[in-house]
Amino acid sequence: MTKSQRSFMQLVLDTAFVRFVLLIILTIFGAEILIMALTYFRSSFPTWLDNLIFNPIFLVFFLSPFTDSGSELSFVVFNPTLFAIFLLPVVYLFLFRPWVEREAQRKKAEDMRIEKERIEYAHKIKNQFIANMSHELRTHLNSIIGFSELMKEKRTDELNSKQSTYVNNIYSSANMLLAIISDLLDLSKIQTGKVEIVVEKISVPETINENIDLIQEKAAKKNVLFKKDLDPALEQIEADKQIFNQIFFNLLDNAVKFSKDTGGIVTVTTKKEDDMAKISVRDTGVGIREEDMTKLFSEFLHIESGLNRKPDGTGLGLVISKNLVEMCGGNIRAQSEFGEGSTFTFLIPLKFEKKA
Amino acid sequence: MTKILVVEDIPLNMEFLLEILKLQGFDVDGAKDGEEAIQKAEKGIYDLIIMDIALPGIDGFEAFKIIKSMPSYKIVPVIALTAYAMTGDRERILKAGFDAYASKPLDVPAFLKILEKYKGKV
């Protein structure tokens, strides 16, 4: 007991009226209260205490003096009032207060667990909803894309030039919509942890070349040139090829997309850093404003600054890349100077290891 | 002539599929759900089945299993055509025993290439 607690107790017990009331109550109900209290708190007693109190010998010799038939001597020795006065703060400090605190803690932990479960459930429902909606959207896009494709392929004499422009518009818009849905699906799949990682040995230089080949045509249209600075020490890694391609191609695609219309240079750099493979894609494009840097990897936060606003993108590419990189046990970061260009760098382990 | 059964619950998608298949010179028939597909498969003879997965009632997986258990359909190829197009869906569907997989929205040239492959066999 601290000093202040002690003096407070003293004060309470010194009050004549309290003493009088306690005396009355305890004289009449002392034994009953004691036995009730003992029984009530029995579950929190350690075994030795339980064995000590709740055995016939103790009950007869120790508790019987408190009953009305107790002897005069034991009444003096075990005066119920004195005993209760001593017992009350003890019960309060060592049994009741710890019990209240334990209960409060238990309740808090329980509340936190329920809240966590609720959030997890909401997250699951949200992702399930996205997956279901995307399925429905794809189903109906099937006939929009399908029929407009059928019309596109009609001979020109069946459609006038205006009609054929309209059909082309429908077709390309529907395909754009499809790209958005695919990205949404990817993201929801990653976030529900449904992506399976298939580890295989992949050659970094080869994979880089394959991806550059894929984007060559698009890059040529914008006069974008590719440069490579590959670390010879970084050859084979053990990773999921599909995921690696998705991350790397997205960075390449962005680099080309945001290159200036007058052309630019996209540099791919690789470096072996301890047990990680570091891959960078640098462009000489429009760059990113400093205030937009934090938005880059966030869901549904499009960067709207005029120069960067391009119609052909969902804005989810980097979010997906970040999620994928982290799933592989790596990280991704961006550096940029507005108007000068950007560098996106990701690191992934040379050997993928499943998280325990 | 190669006879194809198309199982598809969305009428417009069915119309589109029947249209492109007819243009390719196939003899086509449609079923709007798993139950109808099973009935039609029992009665008629088809050389190829194109099956949607998400169907009301008996879904594509179940209908596939039932049709494949019929003696006359043991070697008939069944192509899954579905809007389940997330990573892993293809593997899941092929693992169920489907002979090929195509996703919606349909990439027509790629799909026709798949059909071409089976046209020779049937």
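The values are calculated or read from the model by the stated rules, or taken from the named source; none is laboratory data. Just so we're clear, the structure is a prediction, and the values are computed from it rather than from any experiment. Backbone-built Cβ (ideal geometry, glycine too); neighbour counts: all protein chains shown. Protein only, heavy atoms only, side chains kept; ligands, DNA and RNA dropped before computing areas. Shrake-Rupley method; radii C 1.70, N 1.55, O 1.52, S 1.80 Å.
The table below lists the values:
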read-out: Selected residue (criterion: farthest from the other protein chains (Cβ to nearest Cβ)) from residues of segment A:232-261 that are open to solvent by less than 30 Å² (accessible area, probe 1.4 Å) and farther than 21 Å from A:G315 by Cβ; value: A:L234
read-out: Hits in segment B:104-116 - residues which are within 14 Å of chain A (Cβ to nearest Cβ) and open to solvent by 40 Å² or more (accessible area, probe 1.4 Å); value: B:D107, B:P109, B:A110
read-out: A:V281 being of a type in the set (A, V, I, L, M), over 26 Å from the mean Cα position of the chain (by Cα) and at pLDDT below 90; value: no
read-out: Unique match (being more than 17 Å from A:R138 (Cβ to Cβ), outside any helix (DSSP H, G or I) and in contact with a Lys or Arg (Cβ under 7 Å, 6 or more places away or on another chain)) among B:V28, B:V6; value: B:V28
read-out: In segment A:331-356, the residues that are among the polar types (S, T, N, Q) and buried (at least 17 other Cβ atoms within 10 Å of the Cβ); value: A:S336, A:S342, A:T343, A:T345
read-out: Enumeration of residues in segment B:32-52 that are over 16 Å from B:A80 (Cβ atoms) and touching a Gly at 6+ places or on another chain (Cβ under 8 Å); value: B:E35
read-out: Filter result for the condition that a residue is open to solvent by less than 40 Å² (accessible area, probe 1.4 Å) and not assigned by TED's automatic domain parsing to the domain that holds A:S43, over A:L93, A:L178, A:L137; value: A:L178
read-out: For A:E196: the one exception among (1) surrounded by 17 or more Cβ atoms within 10 Å (Cβ to Cβ); (2) charged (D, E, K, R); (3) at the interface with chain B (Cβ under 9 Å from one of its Cβ atoms); value: (1)
read-out: Failed item in (1) β-branched (V, I, T); (2) surrounded by 15 or more Cβ atoms within 10 Å (Cβ to Cβ); (3) without any contact (Cβ under 8 Å) to a residue 24 or more places away in the chain, with A:I130 passing the rest; value: (3)
read-out: Flag for A:K154 being surrounded by fewer than 18 Cβ atoms within 10 Å (Cβ to Cβ) and either within 14 Å of chain B (Cβ to nearest Cβ) or in contact with a His (Cβ under 9 Å, 6 or more places away or on another chain) (or both); value: yes
read-out: Counted residues, segment B:84-98 - those being crowded, with 18+ Cβ neighbours inside 10 Å, of a type outside the set (F, W, Y) and touching a strand residue (DSSP E or B) at 6+ places or on another chain (Cβ under 7 Å); value: 3
read-out: Hits in segment A:217-230 - residues which are open to solvent by less than 80 Å² (accessible area, probe 1.4 Å) and either assigned to a helix (DSSP H, G or I) or over 13 Å from A:I265 (Cα atoms) (or both); value: A:A219, A:A220, A:L230
read-out: Residue within segment A:153-168 that is aliphatic (A, V, I, L, M) and either touching a residue at least 24 places away in the same chain (Cβ under 8 Å) or in the same structural domain as A:L318 (by TED's automatic domain parsing) (or both) present; value: no
read-out: Unique residue being in contact with a Leu (Cβ under 7 Å, 6 or more places away or on another chain) and within 26 Å of B:A85 (Cα to Cα) when the list is A:N211, A:N245; value: A:N211
read-out: Residues satisfying the stated conditions in segment B:38-83, i.e. open to solvent by less than 10 Å² (accessible area, probe 1.4 Å) and free of Cβ contacts under 8 Å to residues at least 40 places away in the same chain; value: B:A41, B:I67, B:Y73, B:V78, B:I79, B:A80, B:T82, B:A83
read-out: Any chance A:S143 is away from chain B (no Cβ under 11 Å) and part of a helix (DSSP H, G or I); value: no
read-out: Residue check, B:E15 open to solvent by 60 Å² or more (accessible area, probe 1.4 Å), within 14 Å of chain A (Cβ to nearest Cβ) and modelled with pLDDT of 90 or more; value: yes
read-out: Among the residues listed as A:I130, A:I125, A:I170, the single one being away from chain B (no Cβ under 11 Å) and closer than 21 Å to A:V319 by Cα; value: A:I125
read-out: Residue match in segment A:216-223 (condition: aliphatic (A, V, I, L, M), more than 14 Å from chain B (Cβ to nearest Cβ) and more than 35 Å from the chain's Cα centre (by Cα)); value: yes
read-out: Subset of segment B:30-79 that is within 18 Å of B:T2 (Cβ to Cβ) and among the small types (G, A, S) - its residue that is nearest to the other protein chains (Cβ to nearest Cβ); value: B:G30
